[in-house]
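Since the structure comes first, as structure tokens, the remarks are kept for the end.
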Amino acid sequence: MKIVDPGAGAVLTSIPVSTTGVRADEGCLDPNHGILMISSPEEPTPFATFINTSTQSVVAKLTFTDNAGKPTAGLEACAYDAANDNFYVNVENQPRRWIDCDRMGIVACIQPCDHAS
């Protein structure tokens, strides 16, 4: 994750979220608590990283596995719902609900117990 000053066209700092070199994408922001959730869906075990936007530091990581402990197929777009104070993320290929004609998936609800802000 890189913090960029668009006016200067410069990278101000980098926040490591992975050691594999696989890019993180599909982020969403909790503006009330200053927490950014960014998914790493192509990792061997997909995970989400939570970053405090004030301190620009990682405050938590959450891995996604199935009931047998095997990695899920991936993660899609996330969203933050201020009314419920939860993050939501699409988790692919989980046999619970259809998300389109040829793939199954669920929407994971992430309820932060401490916002670390």
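The values are calculated or read from the model by the stated rules, or taken from the named source; none is laboratory data. Note that the structure is a prediction, hence the values are computed from the model and not measured. Glycine gets a Cβ as well: all are built from the backbone with ideal geometry, and neighbour counts include every protein chain shown.
Tally the residues that are modelled with pLDDT under 55, surrounded by 15 or more Cβ atoms within 10 Å (Cβ to Cβ) and either over 15 Å from Lys61 (Cα atoms) or touching a helix residue (DSSP H, G or I) at 6+ places or on another chain (Cβ under 7 Å) (or both), restricting the search to region 84-117.
Matching residues across region 84-117 total 1.
Could you tell me which of the residues Asp66, Asp81 is surrounded by fewer than 16 Cβ atoms within 10 Å (Cβ to Cβ), of a type in the set (D, E, K, R), at pLDDT 90 or above and over 12 Å from the mean Cα position of the chain (by Cα)? Even if it seems obvious, please write down each step before you answer.
Numbers: Asp66 fails: at pLDDT 90 or above.
One residue alone meets the criteria, Asp81.
Which of the residues that make up region 1-47 are buried (at least 17 other Cβ atoms within 10 Å of the Cβ), among the hydrophobic types (A, V, I, L, M, F, W, C) and at pLDDT below 90?
Result: Met1, Ala24.
Taking region 45-63 as the region of interest, how many residues are more than 15 Å from the chain's Cα centre (by Cα) and touching a residue at least 24 places away in the same chain (Cβ under 8 Å)? Give the derivation first.
Here is the first cut: in region 45-63, the residues more than 15 Å from the chain's Cα centre (by Cα) are 54-56.
Retained after the next criterion (residues that are touching a residue at least 24 places away in the same chain (Cβ under 8 Å)): 54, 56.
Result for region 45-63: 2.
The conditions are (1) part of a strand (DSSP E or B); (2) surrounded by 15 or more Cβ atoms within 10 Å (Cβ to Cβ); (3) at pLDDT below 85, and Ala73 fails exactly one of them. Which is it?
(1)
Restricting the first residue to region 7-21 and requiring it to be within 12 Å of Ser57 (Cβ to Cβ), which pairs with a second residue that is modelled with pLDDT of 90 or more and part of a loop (DSSP other than H, G, I, E, B) meet a Cβ separation below 7 Å and a spacing of at least six or different chains?
Thr13/Gln56; Ile15/Gln56
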